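Please read the structure below before turning to the comments.
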Amino acid sequence: MYTDASIFKIESNHAVPSRGKVLISEPFLSDNLFGRSVVLLIDHTQEGSMGLVLNKKMPLLLQHLLKEFESLEDIPLYRGGPLCNDTLFYLHTIKGIADSLSVSQGLYLNGNFEAIKRYMLSGNPIKGNIRFFLGYSGWSHNQLHEEIEENTWIVSKEKTEAIMDDGSDMKFWKSALSKLGGKYELWARFPQLPILN
C-alpha cells in the first residue's frame, strides 16, 4: 500500500493573516502558552500584529480580580498572551458599546467598561456574549509572517459562536485544525510529544 509521506510534513497553509482570523499552532510546538493554541487576531498591520489566545484558561475567575462581580456566576479568565499580563481585555458581542474595536462582524474588543459592567450587573447573559483575558500576544513588524513561513501557524477562520465559547480548551485546537480537512485533520490527532506515544 502506497502512502504519500508528505501528509506527515508540517506545513503552513499559507493563508494570509488579517483581523478576525485565527492562528492555529502547529502540532509539535512545545511552548507552554502557544503550544496547541488558537489565537484570535485582533489586528494585523505593517507595524505588527496583536492577538488573544482563546483556549488557555487560567486558575482564576474574574471575581478574584473584580469584587463587584462576586454575586454573578463564575466567570473564567483566559491567558491572552505573555504581554501586559496585568491588563484585562474583553471580547464581546454587545452592539453599541462606546469605544469598542470591531474585530469581525458582531465581535468587538474592549470598549467602555462601565457599559459592560452595567450590562453584566443587570442580569444579562454573559456566557457566549463576553469573555475576559489577562494579557495579549504580539508580533513585531514581519515577525508573524516569518513564523507562518516557518510553519509555526496555520491561518483559518472561526465563527463568532466558537470564539465566544468560554468552554474553549484543548478540544478547540483539535476541532479548529480538523475543520481544515485533509492532512490538517490527521495532524490534529498527532501527540504533542511523539516520544510519549
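Per q in 0.15, 0.16, 0.20 1/Å, what log10 I(q)/I(0) does a Debye calculation on the alpha-carbon atoms of the stretch 34-175 return?
The calculated log intensity ratios at q = 0.15, 0.16, 0.20 Å⁻¹ are -0.75, -0.86, -1.33.
Taking N as the number of residues in the stretch 135-181, what value does Rg over Cα atoms divided by 2.2 N^0.38 Å take?
In units of the globular-protein estimate, the stretch 135-181 measures up at 1.34.
Over the stretch 1-94, calculate the relative contact order: mean separation of alpha carbon pairs under 8 Å at least 6 apart, over the residue count, as a percent.
18 percent
Based on the mean of other beta carbon atoms within 10 Å per residue, what is the order of 19-25, 78-84, most packed first?
Per-residue mean Cβ counts within 10 Å order the peptides as 19-25, 78-84.
Can you give me the % of accessible surface on the chain that is carbon or sulfur? Probe 1.4 Å, all protein chains present, nothing else counted.
So the carbon and sulfur contribution to the accessible surface is 53 percent.
In nm, give the distance between the simple-model label positions of residue 141 and residue 18, each being 7 Å from the Cα along the Cα-to-Cβ direction.
Result for the modelled spin labels: 2.3 nm.
What's the FRET efficiency of residue 149 with residue 169 using the Cβ-Cβ distance as r and R₀ = 30 Å, to the nearest 0.05?
0.55
Work out the length of the dipole vector of the chain about its Cα centre, built from +1 on the beta-carbon of each Lys and Arg and -1 on the beta-carbon of each Asp and Glu, and round it to the nearest 20 debye.
In debye, rounded to 20, the chain gives about 500.
Quick one: accessible area per residue over the chain, 1.4 Å probe, rounded to a whole number of Å²?
52 Å²
DSSP beta bridges in the chain, what fraction antiparallel, as a percent rounded to 5?
Around 90 percent of the beta bridges assigned by DSSP in the chain are antiparallel ones.
How high is the relative contact order of the stretch 49-190, in percent, counting Cα pairs under 8 Å that sit 6 or more residues apart?
Taking the mean separation of contacting Cα pairs over the length of the stretch 49-190, I get 28 percent.
Cα centroids of the stretch 105-174 and the stretch 36-87: how far apart, whole angstrom?
Going from one Cα centre to the other spans 8 Å.
So if I restrict to the alpha-carbon atoms in the stretch 106-197, what is the Rg, and what is Dmax, the biggest pairwise distance, in Å?
For the stretch 106-197, the Cα-based Rg and Dmax read 17.3, 51 Å.
The values are calculated or read from the model by the stated rules, or taken from the named source; none is laboratory data. Quick caveat: nothing in here was measured; it's all calculated off a predicted structure. Methodologically, a virtual Cβ is constructed for each residue, glycine included, from the backbone with ideal geometry; neighbour enumeration extends over all protein chains shown. Accessible surface areas use protein heavy atoms only, side chains included; no ligands, DNA or RNA. Shrake-Rupley method; radii C 1.70, N 1.55, O 1.52, S 1.80 Å.
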